[in-house]
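Input: a single structure, listed below in structure tokens.
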Amino acid sequence: MSLTKVSMVDVVKKQYLYKLKAYSQVFMSLIFIQLLAVLFSMNGVGGLGSSEGSFQIEIKYFSAVMVVAFTMLWGFITAIIITTKAYRNDDFVFVTNRASSNLSNIVFLLTASIIGGITSMLSTYLIKVIVYYLISDVSLKSTSVMSAPNEFFLGSFSTFLYIFLFCALGYLIGTLVQINKVFAVLIPAAFFGGLIFDGLRGNEGVIAKGFNFFFMEPSLTLFLIKVIVTAGLLISFAFALSNRMEVRS
Amino acid sequence: MTVIECRGLTKVYGGAKALNNLSCNIEENKITGLIGRNGAGKTTLLKIIAGFLKETSGELTVFSENPFNNLLVSANVIFIHDQMNLPTSLNLKEILETAASFYENWDHDLANRLLEYFSLNPLQHHNGLSKGMKSTFNVIFGLAARVPLTLFDEPTSGMDAAVRKDFYRALLKDYLAHPRTIIISSHHLNEIEDLLEDILLMKDGKELLHLPIADLKEWGIGLQGKTAIVDEWTQNKELIYTKSVGFDQSYVVVRNDFSESEWQKARIAGLELTPVTSSDLCVYLTSKTKGGIDDVFNKG
């Protein structure tokens with residue numbers, strides 16, 4: 001029997017198509033988590049109130065920021081899940097090597113982030129509709145669906161970048177945990193320990209600075225570069241670590 | 001052409017050597033039986049061939065390439081074992097469709113017909129199947145993939161006798177129609193020996209014997225008779241197996257290098273010479289002690 005020749009690109013493409021189908025559960029959880037976030041948003045995501053004498057003023061803001069935050073968390077968890085043994089070893093039933101498996105995972109995460117980004121932005125409209133019908137005395141910023149298409153696309157794009165950044169982080173953490181279970185304890189401990197330590201010292205620590213580095217960036221171009229470089233580094237590190245990993249059941 | 005070449009292959013698992021300096025060659029288009037006791041290193045060897053594990057030292061090539069992280073090897077090798085991780089979110093039909101997209105020579109028609117014959121519901125999920133049905137599905141997967149090198153690790157575990165028989169027949173038929181290299185590891189040598197051309201016997205991570213199955217059938221011989229006479233005849237021979245049968249009678253298995261005239265003399269001396277089945281011979285050859293489980297109970 002003659003040998004079959006395969007190309008890397010071809011295998012990654014097939015794996016990607018297979019993963020879209022096999023990992024469809026991921027998108028079910030996206031819908032669920034976004035609906036949950038919309039529900040939580042109903043209480044307003046920010047506001048202020050003041051009273052004087054018998055007057056009382058209360059202002060609440062409604063926006064999709066909660067949905068975006070939940071979706072980032074979803075991206076993070078999804079990335080961790082697809083690095084687990086059950087998912088990783090599935091690839092080895094079919095044609096694969098470690099590089100193609102990783103590459104198709106990243107393409108899948110990119111797709112998931114894009115979908116997550118667009119749906120988060122779209123949830124704004126759902127929130128608007130619900131608020132309009134259920135809460136009295138509202139002022140809607142705009143009632144048309146595409147009053148500011150630029151704003152919509154820019155919002156979707158930067159949300160996508162945020163989600164993907166979290167996917168890349170989750171992918172690296174998931175890979176580390178696969179290599180040694182000790183990381184499953186070490187990483188959360190370092191994260192929360194860092195938060196508490198920062199809080200005790202009362203000044204900005206590494207975690208807060210890292211947060212500001214990405215979330216306080218006013219320039220889209222700079223932000224784009226930051227995300228590409230950081231995600232690239234995280235993913236390359238995960239690739240390098242997993243390239244010698246054995247398949248054990 | 002040699003499909004698998006392996007030189008001084010060693011694999012260490014947490015201090016224990018699963019494979020210990022193993023060397024062997026597997027030729028193209030042959031069905032080889034991989035036989036050995038539990039823990040002899042059969043699965044480890046197959047996993048290294050499939051590119052799942054990386055060898056600790058030594059060298060192994062499949063189609064003249066190192067199988068670890070190799071797309072060419074992955075596309076041309078399929079490894080069927082009882083702990084196969086099939087995607088849990090897809091049903092059997094979808095798994096077969098996915099496999100069809102990956103394996104170039106995939107025979108979808110055959111897969112569907114086998115699925116129907118073994119009455120597996122295509123809409124069922126793999127983790128909902130019973131142990132024997134899982135194994136049945138796995139071998140359908142392995143046969144339909146029709147890749148140049150097919151590895152079956154205990155493919156029949158959990159199958160009932162009828163399905164096992166059907167599987168052996170299906171394997172042979174498909175092999176005759178599309179000759180390819182097949183390695184089967186199994187505990188049931190008596191069931192598969194008619195299927196095999198070669199046999200690779202492993203013990204403690206090493207190759208013990210690698211020869212055509214026809215030669216194995218004549219490799220050993222059993223002598224039975226009065227203990228004194230048996231001892232006299234087997235003085236300078238390596239005893240493969242000894243057993244006392246009744247009073248002053250013993251049964252000994254030795255390597256069959258008797259000449260025709262020696263056979264005659266042995267018969268006249270009152271020895272009974274019997275052929276040893278390959279299955280028994282493999283058990284004797286791979287056992288740790290010469291007397292088998294009897295030794296454990298004969299201490300007192």
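Excluding residues on the same chain fewer than 8 positions from B:LYS30, give the aspartates and glutamates whose Cα lies under 14 Å from its Cα.
B:LYS30 reaches B:ASP174, B:GLU193, B:ASP194, B:GLU197, B:ASP198.
Compute the helix-to-body angle for A:206-215: its Cα long axis versus the longest principal axis of chain A, expressed 0 to 90° and rounded to tens.
The angle comes out at about 80 degrees.
Pick from B:GLY33, B:GLY222, B:GLY15 the residue whose mean-square fluctuation is largest in a GNM of chain B, springs joining Cα atoms under 10 Å.
B:GLY15
When we measure straight from the Cα of B:LYS237, which aspartates and glutamates land under 13 angstrom away, once same-chain ones fewer than 8 places off are left out?
B:ASP257
Please list, ordered by chain and number, the residues whose modelled amide H lies under 5 Å from the amide H of B:ILE182; skip anything fewer than 5 residues away on the same chain.
For B:ILE182, whose amide H was placed from the backbone, the distant partners under 5 Å are B:LYS30, B:ILE31, B:THR32, B:THR150.
With an 8 Å cut-off on Cα pairs and a minimum separation of 6 or more residues, tell me the relative contact order of chain B in percent.
Reported relative contact order: 19 percent.
Please list, or write none, the lysines whose alpha carbon is within less than 27 Å of the alpha carbon of B:LYS93, excluding same-chain residues fewer than 8 places away.
Those lysines meeting the cut-off are A:LYS5, A:LYS13, A:LYS14, A:LYS19, A:LYS21, A:LYS85, B:LYS47, B:LYS131, B:LYS134, B:LYS165, B:LYS173.
Which one, A:TYR18, A:LEU195, A:THR119, is farthest towards the positive end of the dipole of chain A when Lys and Arg carry +1 and Asp and Glu -1 on their Cβ?
With unit charges placed on the Cβ atoms, the residue in question is A:TYR18.
Please find, in a Gaussian network model of chain B (springs between Cα atoms separated by less than 10 Å), the residue of B:ASN85, B:ASN69, B:ASN121 whose mean-square fluctuation is greatest.
Highest fluctuation of the listed residues: B:ASN85.
With contacts defined as alpha carbon pairs under 8 Å and 6 or more residues apart, what's the relative contact order of chain A in percent?
23 percent
Would you tell me the mean number of C-beta atoms belonging to other protein chains that fall within 10 Å of each C-beta in B:71-78, as a whole number?
6
Would you please give the FRET efficiency between B:SER89 and B:GLU272, computed as 1/(1 + (r/R0)^6) with r the Cβ-Cβ distance and R0 = 60 Å, to the nearest 0.05?
0.45
State the Cα centre-to-centre distance between the stretch B:8-62 and the stretch B:232-300 in whole Å.
Going from one Cα centre to the other spans 31 Å.
Which ordering of A:LEU233, A:LEU161, B:LEU19 is given by a fewest-first count of other beta-carbon atoms within 10 Å?
A:LEU233, A:LEU161, B:LEU19
Could you work out which residue, out of A:SER142, A:SER113, A:SER50, moves most in a Gaussian network model of chain A, that is, has the largest mean-square fluctuation with Cα springs under 10 Å?
Highest fluctuation among the options: A:SER50.
Which ordering of A:CYS167, B:CYS24, B:CYS6, B:CYS282 is given by a fewest-first count of other beta-carbon atoms within 10 Å?
Lowest count first: B:CYS24, B:CYS6, B:CYS282, A:CYS167.
Cα convex hull of chain B: how many Å³ per residue?
Residue-normalised Cα hull volume stands at 171 Å³.
Please report, in whole Å, how far the alpha carbons of the protein assembly as shown spread along each principal axis, starting with the longest.
So the three principal-axis extents are 125, 56, 42 Å.
Would you kindly calculate the translational diffusion coefficient of chain A, applying Stokes-Einstein with the Kirkwood radius from alpha carbon pairs, for 20 °C and a viscosity of 1.002 mPa s, and quote it in µm² s⁻¹ without decimals?
The Stokes-Einstein estimate is 104 µm²/s.
I want to verify the translational diffusion coefficient of the stretch B:79-225 in µm²/s; compute it with Stokes-Einstein, Rh as the Kirkwood radius over Cα pairs, at 20 °C and 1.002 mPa s.
Using the Kirkwood radius from Cα pairs, D works out to 129 µm²/s.
Skipping prolines and chain starts, which residues have an amide H placed within reach, meaning under 5 Å, of the one on B:ILE199, given they are 5 or more residues away or on another chain?
Here the answer is B:GLY33, B:LEU211, B:ILE213, since their amide H atoms fall under 5 Å of that of B:ILE199.
Can you put B:TYR168, B:TYR103 in order of Cβ neighbours within 10 angstrom, beginning with the fewest?
B:TYR168, B:TYR103
For the protein assembly as shown, what does the helix formula give at 222 nm: sum of -39500 (n - 2.57) over DSSP H segments with n ≥ 4, over the residue count, nearest 500 deg cm²/dmol?
-16500 deg cm²/dmol
Based on DSSP loop calls and a cut-off of at most 15 other Cβ atoms within 10 Å, the longest stretch of chain A free of exposed GluC sites (Glu not before Pro) is what?
A:1-203
How far apart, in nm, are two points set 7 Å out from the Cα along the Cα-to-Cβ line at B:GLN235 and at A:ILE114?
8.6 nm
Once both labels are modelled 7 Å past Cα along the beta-carbon direction, what's the B:SER119-A:LEU20 spacing in nm?
3.9 nm
Looking at the P(r) of the stretch A:1-144, how many percent of alpha-carbon pairs lie beyond 18 Å?
65 percent
Taking the stretch B:195-291 as the region of interest, what is the percent of Cα-Cα pairs per 10 angstrom bin, listed from the shortest bin to the one with the maximum distance?
15, 47, 29, 9, 0
Under a point-charge model restricted to the Cβ atoms of Lys and Arg (+1) and Asp and Glu (-1), what is the dipole moment magnitude of chain B relative to its Cα centre, in debye to the nearest 20?
Around 680 debye, computed over chain B.
A:ALA86 versus B:GLU65, label points 7 Å from Cα toward the beta carbon: distance in nm?
Placing both labels 7 Å along Cα→Cβ, they lie 3.2 nm apart.
No value in this document is a laboratory result; all are computed from the given coordinates. Only a predicted model underlies this, so the values are computations on that prediction, with no experimental measurement involved. Every residue, glycine as well, gets a Cβ built from its backbone with ideal geometry; the counts of neighbours run over all protein chains shown.
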